[in-house]
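Just below is one structure, and these are the notes that go with it.
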Amino acid sequence: MIDFIYNLNPITHVLLATLFTWSVTAFGAATVFFVKDVNRRILDGMLGFAGGVMISASFWSLLAPAVAMSREGELPAWLPATVGFLAGGVFLRAADGVLPHLHIGFPEEAAEGLKTTWHRSILLILAITLHNIPEGLAVGIAFGAAASALPSATFAGAVVLAVGIGLQNFPEGLAVSMPLRREGMSRAKSFWYGQASGAVEPVAGVIGAVAVLLITPLLPYALGFAAGAMIFVVLEEVIPESQIGGNADLATLGAMLGFAIMMILDLAFG
């Protein structure tokens, strides 16, 4: 069975991996059917954990392989990863400035992007949807890199990255569906929109994989790009959201635990 999965087309690998990460988002969103609300301390700890996983994955699964690949080229080893990393942050900042969205826990007047009359609930959904784009890209690029048969990018490492992204998608799905429920949506609609926020991951994953498979020399830049986009999301959204509830220490401990678990997964199995 394992050999059968390993021998599948790289695009199929990406689809399976991102469908898995999307399904975990749906599991998180489904919590709305079973509880009225989630304790703020628990949510902040989970958001901190998600941020720690993303930071760890950005280094161990993306930046480190990008630097290792660059050592085989003519440019300084740090250059492609750095250029890609900064480009990822700039891309997310540009998208942030255009797409109307509202971060969870912030008042409606703090909405970012182009001014709109859209309802607060729509702005909340768009915030998490934007957040999920770099996660899908990261998984797609990792599998595309593994398919290129470069020693610094492995299939096992891409699988570990997908598992890590999946782990932190549970609190993300929860963090969307619960606020929507508080906004007055039915449980079914809150779940639907919560899981739908993760639907961009398979799309972004396939785009990322196809891009690196077509233009292999872009791999170090693409890995750095995915890492930069994820770090931007963590610093601009996940960490601030985990801190505004007054549970900064708990959120920080959650982030450290998330970082450590992702690091162990990558070093032990990747």
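The values are calculated or read from the model by the stated rules, or taken from the named source; none is laboratory data. Note that the coordinates shown come from a computational prediction; the quantities given were computed from them, not determined experimentally. Quick reminder, even Gly has a Cβ in these numbers, built from the backbone with ideal geometry, and neighbours come from all protein chains shown. All accessible areas refer to the heavy atoms of the entire protein, side chains included, with ligands and DNA or RNA removed. Shrake-Rupley method; radii C 1.70, N 1.55, O 1.52, S 1.80 Å.
The residue pairs whose first member lies in the stretch 228-240 and is under 8 Å from G88 (Cβ atoms) and assigned to a helix (DSSP H, G or I), whose second member is at pLDDT below 90 and among the basic types (K, R), and whose beta carbons are closer than 8 Å, counting only pairs six or more residues apart or on different chains, are F232/R93. Number of residues in the stretch 120-140 that are open to solvent by 10 Å² or more (accessible area, probe 1.4 Å) and more than 12 Å from P179 (Cα to Cα): the value is 5.
Count of the stretch 177-213 residues, restricted to those that are in a helix (DSSP H, G or I), among the polar types (S, T, N, Q) and surrounded by fewer than 23 Cβ atoms within 10 Å (Cβ to Cβ), is 1. Considered as a group, the residues in the stretch 214-242 that are surrounded by fewer than 19 Cβ atoms within 10 Å (Cβ to Cβ) and of a type outside the set (S, T, Y) include one that is farthest from A147 (Cα to Cα), and that residue is P240.
Among the residues of the stretch 56-107, those that are in contact with a Phe, Trp or Tyr (Cβ under 8 Å, 6 or more places away or on another chain) and open to solvent by 60 Å² or more (accessible area, probe 1.4 Å) comprise V83, F85, F91, R93. Looking at L174, L124, L180, L161, just one residue is of a type outside the set (F, W, Y) and touching a Pro at 6+ places or on another chain (Cβ under 6 Å), and that residue is L124.
For the stretch 60-74, indicate whether the set of residues that are within 22 Å of the chain's Cα centre (by Cα) and under 21 Å from H103 (Cβ atoms) is non-empty. The answer is no, given that none of the residues of the stretch 60-74 is within 22 Å of the chain's Cα centre (by Cα) and under 21 Å from H103 (Cβ atoms). Out of curiosity, is A153 buried (at least 23 other Cβ atoms within 10 Å of the Cβ), hydrophobic (A, V, I, L, M, F, W, C) and either modelled with pLDDT of 85 or more or in contact with an Asp or Glu (Cβ under 7 Å, 6 or more places away or on another chain) (or both)? No.
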